[in-house]
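Step one of this worksheet: look at the structure below.
Rule-based calculations on the coordinates, nothing more; no lab input. Because the structure is a prediction, the values reported are computed rather than measured. Note that each Cβ is placed from the backbone with ideal geometry, even for glycine, and that neighbours are counted across all protein chains shown.
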Amino acid sequence: MGHESRATMIPPSTICHLCGSEHLVTVQEMADTSGRPTAIQLCTRCGVLRPVVSSYVAQNDPVLEQATYHAEVWSDFGPETAEQLRKDVQGIVDSFRRILGEPSDSPVFEIGCGRGGLLAALKGSGYRVRGCEPSEELVAKARKGFDFSKEELTCCGADEFLNRVQAEGSLGHVFIWHVIEHVVDPLGLMRRIASIQKPDSYVILQGPCLLPEHVFPEHYMFPTEPAIHALAKNCGYDIERIEYDYSLGFITFVYRRNHDVVPEAWVELPQSMSTSLAMIVERHAQQHREQRLMRDLAAARILGEDRYAAVDRQRLLLSERERTIFDLERLVANERIVSQDEAQRRVVAEEEIQTANRMRWELDTVVEAQRVLIQQHEARILHLEQLLEHAQTTSSRAERFFRRLVRSS
Ligand SMILES: [Zn+2]
């Protein structure tokens, strides 16, 4: 097997997954992705949020379980979809280019490469790359799809990978992209990285915000701003950047390796801060909802415009049709039958009138159907607008409340 066996089990629900504190409070109940009611716990020491469903005991090595789960999720990934994936994630590399600097001899690292899209985009942008992924299936697919060498993409877990990197040299910039929430010991991983990383190198992370669609048994925790700060402090990192993507419900955070190696020291969050953290949950949900409504509304408006345009086109066709019928009828009425030829022309004209009338009737039906659709559509737009207005009101209320609490803490 490419991964090492680990004795570590996922901590029970009485201990914080990130800092090991027993000070956990349930701040919310929500349905997980399969509709099961799930308690969301907040650690009042580090500020991380975790669904209690995540405290299930893994049947096997948790790393192996995660590897198997992701290999299943991406089972239809193959060389034919590889290029599209690389294109889709190119924007990630572009947005961090300033931080990464120009490509050099020093590789960019990735822990938990999955299908290898990000590693491929980095490589395609001229960077030397080194990554690890514990799933043998995904590594085989990524090597095939992107032509990675064994050195570029290693099949192993993070611990073994970091041991190898340390034996060979030092660690530079690291991507941990949608991985930290799947890791059994995130603090251990970050401290291990910090212990061998060159000063001023970056760790670039993205993870999910707490939203019902992100509550899987495979997500052990949800990063929050206080937790991101606490984790940085306990690993010797400075915070370079924290950004939200409200439309997808993701949080990106970038750490810069500090020169000092710090001993682990946790400070209990101020009471007001831990209260306000409950508001973060609400705030994320509201912002996400607002973004989604705005997207739906924009799509509905475009569709509405398309429907109006379709009706206009049909109306134009109708009026052309009517003109033809009028011309033909005049022709039939005015023409005297003086020759065989003209009689034939008249028969043809009458047939054409019939066809044109039928088409007019069909077009009328289409226009009527479109009219009904437009009515329904306008009602939907109105409904979306009302929902959006409501979401914006509650969202800005949550935002104001949160800011006030943060200021007073
Ligand atoms: Zn904690």
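For the range 120-252, give the magnitude of the charge dipole about the Cα centre (Cβ charges: +1 Lys/Arg, -1 Asp/Glu; no others), in debye to the nearest 20.
It comes to approximately 420 debye.
For the chain, what is the Kirkwood hydrodynamic radius in Å, using each pair of distinct C-alpha atoms?
After inverting the pairwise mean of 1/r, the radius is 25.4 Å.
Using the structure shown, select from K150/K233; K141/K233; K123/K198; K141/K198; K87/K233; K144/K198 the pairs with a Cα to Cα distance greater than 27 angstrom.
The answer is K150/K233; K141/K233; K141/K198; K87/K233; K144/K198.
Per DSSP H run of at least 4 residues, take -39500 (n - 2.57); add these up for the chain, divide by its residues and hand me the 222 nm value, nearest 500 deg cm²/dmol.
So the calculated ellipticity at 222 nm is -18500 deg cm²/dmol.
When ranked by the protection proxy of mean other Cβ atoms within 10 Å per residue, highest first, what sequence do the peptides 296-305, 145-154 form?
In decreasing order of mean packing, 296-305, 145-154 become 145-154, 296-305.
Taking neighbour Cβ counts within 10 Å as the exposure measure, how do Y202, Y69 sort from fewest upward?
Fewest to most other Cβ atoms nearby, the residues stand as Y69, Y202.
Full-extension gain between H390 and E378, please, as 0.36 nm times their residue separation minus the C-alpha to C-alpha distance.
Gain in length upon complete extension: 2.5 nm.
Could you list, bin by bin from short to long, the percent of Cα-Cα pairs of the range 61-268 in 10 Å steps?
Going out from 0 Å in 10 Å bins, the range 61-268 shows 8, 35, 41, 15, 1, 0 percent.
How far apart, in nanometres, would the label points at E72 and V267 be if each is projected 7 angstrom from Cα along the Cα-to-Cβ direction?
According to this spin-label approximation, the distance is 4.4 nm.
Can you find, among L162, V63, V184, the residue sitting farthest towards the positive end of the charge dipole of the range 61-268, where Lys and Arg contribute +1 and Asp and Glu -1 at Cβ?
Checked the options; the winner is L162.
Using the Cα centre of the chain as the reference point, and only Cβ charges (+1 on K/R, -1 on D/E), how large is the resulting charge dipole? Debye, rounded to the nearest 20.
Details: 47 positive and 60 negative charges, 212 e Å.
Result for the chain is approximately 1020 debye, rounded to the nearest 20.
Which Cα, out of F216, S75, V129, lies furthest along the positive dipole direction of the range 61-268 (beta carbon charges, K/R +1, D/E -1)?
After comparing all options, I get V129.
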